[in-house]
Amino acid sequence: MKPPPSSQARDVDSNRGGLDLLLMGTDSETCVGIDDIAIHFPRLYMDMRDFAELRGADFGKLNKGLGLEAMAIPDVHEDTATMGAMAVMQIIDRNGIDPNTIGRMYLGTESALDGAKPTATYIVDMLTQRYEERYGSECFRNCDVVDMTFACIGAVDALHTTLDWVARSTEHDERVGIVIFSDNAKYALESSGEYTQGAGGGALLIRRNPRLLEIPDCIGVSTTPVHDFFKPRREVSLRTVISNVLQLAQETGQTMKQGLVDRMIRHLPESTVRKLGIFSHGETSVSVHRDEPIFDGQFSNRCYQAAVRQAFHNFAKKAELKGRYSSADDERLTEQWSRIIMHLPYAFQAKRMFPDIFRHDRMDTEMWKEVAEHLGPMPEPHNSEDPQIIEIWEKAMDGYRRAISKTPEYISFHASRIEKGQRASSLIGNQYTGSIFLALMSTFESDLEDNSNLDNTLFGLCGYGSGAKAKVFEGKVNPRWREVVSRWHLFERLAGRMAIDHVTYENLHKGLQDESVVTPKGEFALVEIGEEGVDEGARRYRWIGA
């Protein structure tokens, strides 16, 4: 992510135990990273107390146990594209950027709007409408766009490829890239994941010599193909559709004769089948995509833990090879990170997932010997393939991690390094690809309010995407971070949203709400979806002025 270092002076963080470490090479002009961040979230939200009442759930467990206070809900006119476009607009306007100078906009999403046409092209369409009068109708013509998908880690992948691209720019060929993240984390009604819903879009401005966070070329990776959370193409048969229609008719008081479904399918003319929309080519079954995932929550938690732990080990090994870190150092790697930013499917996920890394990074220290004596023995590893033995061991390990999380040492560690990142997540919910960057914004803005000194300190970042992949990397905070963060007003904007009742929530979820709850104003809006012929499914957007 950077050209070879030169011999110019280096920045040294006085809080890193005197380690003379070069994160970005020695030439400050070769640094690449995040210059600014913008986030857009829906104006609507469901209060978690109201949600708990709707589902008969224990609000205390949702709030105190998982850190949930509210979940953002998109309005009728909002989708992945509009939320992403609104965030990019913030970046462009706040930084006075000429769209003609933006060479790349890569979108990380798992809520794509089409199986072939990138959602990023819809974003470009909206932005062109907004800026063509001032910058010309082709102001984004030479901008490279694409969607990147790997569950929740897609935007981190987009970030790393864009950092590589920007790093190859020069003083005479300045490259400016924007990484977009946008998702609607939607789960089936009354499912075990419903309370973790959320939505929002965001954008990262990627430049050389960034004012916010410098990111070096050292990335720990762990990839394991698993089915912890996925959105498959699901088969729907003509027989099922007709059967469901007839069953509905019966439930409304109409009669359904024995064998009627079989006779209808057997004798249904092909010309009639072709009029049945998704069966328009005469198929007896079709593949259907749903926004709601198939998932195993407990298994996904274990995958998350294992992937981040392995990626952390991989990062430490690479960092040691680069002279960035030595396992013999008294100062633990995670102690060198003043803040730790993690993917948060729910607000307290990091609090519950990080104890394993906390333990591993300290297990050969005197401090940990004292902690281990208090905790008792760790569950012994096993080599069994017996599912029952595996399940017993995993439950024992979960208990051991919970015990670690309750120790004074871990509580202090979490409070100083992780807690600030979960504050915004509590108010928005899961943002899928954007949750790690929401945690980053939440941390920076909270530290600005606390007047913290983050200059030249290190942040550790841990991304995760089901399926499954984790990435661990780090960033160095630029001394100019305050001037960037002071313009975000994240928590102030969150306070200005509108709560919705459970009827409105379920109507929006089911697609039964015809009109927007809040009339669009000063924003991009979805205004039409084509219904037939070559226009079928084509989405059209418009800027709605103030």
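The values are calculated or read from the model by the stated rules, or taken from the named source; none is laboratory data. Being a predicted model, the structure only gives us computed values, none of them experimental. No Cβ is skipped: glycine too gets one built from the backbone with ideal geometry, and neighbour counts run over all protein chains shown. Calculation scope for accessible area: heavy atoms of the full protein, side chains included, ligands and nucleic acids excluded. Shrake-Rupley method; radii C 1.70, N 1.55, O 1.52, S 1.80 Å.
Extending 7 Å from Cα along the Cβ direction at Asn100 and again at Met397 yields two label points whose distance is 5.7 nm. In summary, the helical segments of the chain meeting the span-like criteria, namely a full DSSP H run, a Cα extent along the axis of 18 angstrom or more and a mean Kyte-Doolittle hydropathy of at least 0.0, are 80-95, 154-167, 238-251, 435-449. Tell me, what % of the accessible area of the chain is carbon and sulfur with a 1.4 angstrom probe? Answer for the chain is 48 percent, counting heavy atoms of protein chains only. Expressed to the nearest 5 percent, the antiparallel share of DSSP beta bridges inside the chain is 75 percent. Shape class for the chain, computed from the alpha carbon gyration tensor (a ≥ b ≥ c): oblate, with a/c not under 1.5 and a/b at or below b/c.
Quickly rank 55-65, 130-140, 35-45, 96-106 as a protection proxy: mean count of other C-beta atoms within 10 Å, highest first. Show your work: numbers first, answer last.
Details: 55-65: 12.7, 130-140: 15.1, 35-45: 24.1, 96-106: 18.0.
Per-residue mean Cβ counts within 10 Å order the peptides as 35-45, 96-106, 130-140, 55-65.
If I stretch the segment between Ile529 and Thr223 completely, what's the gain in nm (0.36 nm per residue apart, minus their alpha carbon distance), one decimal? Let's see the in-between values first.
Numbers: separation 306, 0.36 × 306 = 110.16 nm, distance 3.75 nm.
Fully extending the segment from Ile529 to Thr223 adds 106.4 nm.
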